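Everything on this sheet refers to the single structure shown next.
The values are calculated or read from the model by the stated rules, or taken from the named source; none is laboratory data. On a predicted model such as this, the values are computed, not experimentally measured, just so you know. Methodologically, a virtual Cβ is constructed for each residue, glycine included, from the backbone with ideal geometry; neighbour enumeration extends over all protein chains shown. The accessibility values were calculated without ligands, DNA or RNA, using every heavy atom of the protein model including side chains. Shrake-Rupley method; radii C 1.70, N 1.55, O 1.52, S 1.80 Å.
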Amino acid sequence: MYDTLIIGAGMSGLAAGIRLAHFDQKVCILERHYTIGGLNSFYRMSGRDFDVGLHAVTNYAEKGARRGPLAKLIRQLRLGWDDFQLRPQIGSSIRFSDAELDFSNDASLLESEIDRVFPGQIDGFRRLVSNLLDYDDLDGENPLFLRSAREVLAHYITAPLLREMLLCPLMWYGNARERDMDFGQFCIMFRACYLEGFGRPRKGVRLILKHLVRKFRGLGGELKLRSGVAKIKVVNRRAIGVVLDDGTEIEAKRILSSAGTVETMRLCDDLTQIEVAAAGQLSFIESISVLDCQPKEIGFDRTIVFYNQGPEFIWEHPEDDLCDPRTGVICSPNNYLYSPEEGGLSEGIIRITTLANHDRWSQLGDGAYRAAKISQYNAAVASSVEFMPDFRQHVIATDIFTPKTIRRFTWHENGAVYGAPEKRLDGSTHLDNLFLCGTDQGFVGIVGAIVSGISIANRYCLSSA
Amino acid sequence: MTPVEIREEIIDILGDIAPDEDLSDLNDGIAFREQLELDSMDFLDIVMELRKRHRVQIPEEDYGHLASMHSTVTYLEPKMKDIVRT
């Protein structure tokens, strides 16, 4: 009998596991995939290491910082700053057809950029910044959390183009809702991206995952890979354990699931009707292009570029097409300030992400699917080179993953990277001893997911234990 | 444990929670919250570390006693006086 079973060995499940194992619980993490990481994973192909998910770790802080989510999670997990080896970004940009704003880990750069490009808006922008909700107000009980971010933004900023430009990176990096964003989520992402900034370990996401797993196992935690949960057994409105895909039954006093809200409800054997309509719709394709040179050699020194054709940023899944290449994210993992001792990455990498329709990708037969990967890669790159130097003649290898790939390895409904639009900020479910953490609890990104696992473990699995 | 030993134990717990902090010049009369910027999650951790290490139970209504080193040691003294340091 386990004290706590955790479903999913992604960032949130591993973080929750570390907290519980540290305080002497008998805890086991069950993962269906043959590797860890969930939405932030990694793979090796043709001798190269690739990351899935991680463009940047948001919420950047210098080593030894006391404040902010990164400092908090390092303390809570009893890790050291060196375990993350985060190196800061060089600098990122928001590029629309008619305007460009740069930002970096120094928040004053964005402010001066707004003053330069939108001089009449700077006072409104400063008032917006001083009226952002604080992280402490974001437990879901603040009534401002669910307000429309577009509405609040219009109150401070009268230039529509600036509103669209500010929303673009924040929606791209963490908005599960189509078209608009919850103001609370807007504040979280605004702080994470514009006030704190981006970093990355030289070795990518695998370094962070390696430290989390090592810590968890070192504390006596058990991790079972290839162990998908087929069913959560419910008796008298309490979860009593799980049944794995292979029929093995495991008992536990409580269960913490990072599988997603709809996905978890579907596992519960006391429920027959699940509202699948509540699942998220936003999924992506991402391509990785390996170059025969460093991106800087072709004049590209940006860490991340969030681009958009035209003045209006459209954040919805493409209804009638496989992909919508009008907006996207360009990321180059080369463009971080790695230390001289560790050196830069040996090969140039350009990653491009665009919006995609899960159902359309899933309906394609094998041949059509392979052909679509190539044609959609070409369309995404053609759109992106309007906003960066044309790198196409330097490409020596590519890989592309689609909503179908995301669904296949994460089991998230619709391959929805940021999960369902309606979050369960308190992590509760219809059962007294089944809780949600991870993407559908509300915090997204690497730091957000880890904080989610920690806070739900603290709230339900530790204080009451 | 004597008050001196209890203080050492709290320093050890703080060092565990915040390994990058220099605790050698900690002022016992000033709140942890101000000196180390500890938040409610960190205070919960001090409580849980005491429970884990010494089986000391601290009810939620008493958390306020853990504000500074001085108030913490004073509060813990009767609860930990019979604990033999290992």
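When we screen B:Arg51, B:Arg55 for residues that are within 18 Å of A:Arg78 (Cα to Cα), open to solvent by 50 Å² or more (accessible area, probe 1.4 Å), within 14 Å of chain A (Cβ to nearest Cβ) and modelled with pLDDT of 90 or more, the only hit is B:Arg51. Annotation: of all residues in segment B:27-42 being assigned to a loop (DSSP other than H, G, I, E, B) and charged (D, E, K, R), the one that is farthest from the other protein chains (Cβ to nearest Cβ) is B:Asp28.
Might you check whether a residue that is open to solvent by less than 60 Å² (accessible area, probe 1.4 Å), part of a helix (DSSP H, G or I) and either more than 14 Å from every other protein chain (Cβ to nearest Cβ) or of a type outside the set (Val, Ile, Thr) (or both) occurs anywhere in segment A:84-103? There is no residue in segment A:84-103 that is open to solvent by less than 60 Å² (accessible area, probe 1.4 Å), part of a helix (DSSP H, G or I) and either more than 14 Å from every other protein chain (Cβ to nearest Cβ) or of a type outside the set (Val, Ile, Thr) (or both).
Filtered by the rule that a residue be within 14 Å of A:Cys323 (Cβ to Cβ), among the charged types (D, E, K, R) and in contact with a strand residue (DSSP E or B) (Cβ under 7 Å, 6 or more places away or on another chain), segment A:369-406 gives a lone residue, A:Lys373.
A:Asp136: closer than 17 Å to A:Val447 by Cβ, within 14 Å of chain B (Cβ to nearest Cβ), among the acidic types (Asp, Glu) and open to solvent by less than 70 Å² (accessible area, probe 1.4 Å), yes or no? No: the conditions fail for A:Asp136. Consider segment A:28-64 and keep the residues that are assigned to a strand (DSSP E or B) and basic (Lys, Arg). The one that is most open to solvent (accessible area, probe 1.4 Å) is A:Arg44.
Of the residues in segment A:417-425, not one is out of contact with any Asp or Glu (no Cβ under 8 Å at 6 or more places or on another chain) and open to solvent by less than 10 Å² (accessible area, probe 1.4 Å).
This table checks each residue for (1) in contact (Cβ under 8 Å) with a residue 40 or more places away in the chain; (2) closer than 15 Å to A:Leu282 by Cβ; (3) out of contact with any Cys (no Cβ under 8 Å at 6 or more places or on another chain).
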{"site": "A:Gly419", "(1), (2), (3)": "yes, yes, yes"}
{"site": "A:Lys423", "(1), (2), (3)": "yes, yes, yes"}
{"site": "A:Ser428", "(1), (2), (3)": "no, no, yes"}
{"site": "A:Leu431", "(1), (2), (3)": "yes, no, no"}
{"site": "A:Gly438", "(1), (2), (3)": "yes, no, yes"}
{"site": "A:Val444", "(1), (2), (3)": "yes, yes, yes"}
{"site": "A:Gly448", "(1), (2), (3)": "yes, no, yes"}
{"site": "A:Gly453", "(1), (2), (3)": "yes, no, no"}
{"site": "A:Cys461", "(1), (2), (3)": "yes, no, yes"}
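Within segment A:7-16, identify whether any single residue is within 28 Å of B:Ile13 (Cα to Cα), more than 14 Å from chain B (Cβ to nearest Cβ), under 20 Å from the mean Cα position of the chain (by Cα) and hydroxyl-bearing (Ser, Thr, Tyr), and answer yes or no. Within segment A:7-16, one or more residues are within 28 Å of B:Ile13 (Cα to Cα), more than 14 Å from chain B (Cβ to nearest Cβ), under 20 Å from the mean Cα position of the chain (by Cα) and hydroxyl-bearing (Ser, Thr, Tyr). Only one of the numbered conditions (1) closer than 25 Å to A:Thr261 by Cβ; (2) part of a helix (DSSP H, G or I); (3) open to solvent by 10 Å² or more (accessible area, probe 1.4 Å) is not met by A:Met171, and that is (3). Per the conditions (1) assigned to a loop (DSSP other than H, G, I, E, B); (2) modelled with pLDDT under 95; (3) on the phi < 0 side of the Ramachandran plot; (4) not aliphatic (A, V, I, L, M), the sole criterion not satisfied by A:Gln25 is (2). Restricted to strands (runs of 3 or more DSSP E) entirely inside segment A:195-278, those with at least 2 residues that are closer than 20 Å to A:Leu39 by Cα and open to solvent by less than 60 Å² (accessible area, probe 1.4 Å) are A:199-201, A:229-235, A:249-257. Whether any residue in segment A:334-345 is among the hydroxyl-bearing types (Ser, Thr, Tyr), in a helix (DSSP H, G or I) and surrounded by fewer than 22 Cβ atoms within 10 Å (Cβ to Cβ) is what I want to check. No, segment A:334-345 contains no residue that is among the hydroxyl-bearing types (Ser, Thr, Tyr), in a helix (DSSP H, G or I) and surrounded by fewer than 22 Cβ atoms within 10 Å (Cβ to Cβ). Candidates A:Leu79, A:Leu20, A:Leu14, A:Leu110: the one that is in contact with a Ser or Thr (Cβ under 6 Å, 6 or more places away or on another chain) and not in a strand (DSSP E or B) is A:Leu20.
Hey, can you tell me all the residues within segment A:59-76 that are of a type in the set (A, V, I, L, M), within 11 Å of chain B (Cβ to nearest Cβ) and within 20 Å of the chain's Cα centre (by Cα)?
A:Ala71, A:Leu73, A:Ile74
In segment A:240-256, the residues that are closer than 15 Å to A:Leu225 by Cβ reach residues that are open to solvent by less than 70 Å² (accessible area, probe 1.4 Å) with C-beta atoms within less than 6 angstrom, at least six apart or across chains, in these pairs: A:Leu244/A:Ser227; A:Asp245/A:Gly228; A:Asp245/A:Ala230; A:Ile250/A:Gly241; A:Ile250/A:Val242. Within segment A:1-20, the set of residues being among the charged types (D, E, K, R) and surrounded by 24 or more Cβ atoms within 10 Å (Cβ to Cβ) comprises just one member, A:Arg19.
Here is a yes/no grid of residues against (1) within 25 Å of A:Leu219 (Cβ to Cβ); (2) free of Cβ contacts under 8 Å to residues at least 40 places away in the same chain; (3) away from every other protein chain (no Cβ under 13 Å):
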| site | (1), (2), (3) |
| --- | --- |
| B:Asp16 | yes, yes, no |
| B:Asp25 | no, yes, yes |
| B:Leu44 | yes, yes, no |
| B:Pro59 | no, yes, no |
| B:Gly64 | no, yes, yes |
| B:Ser71 | no, yes, yes |
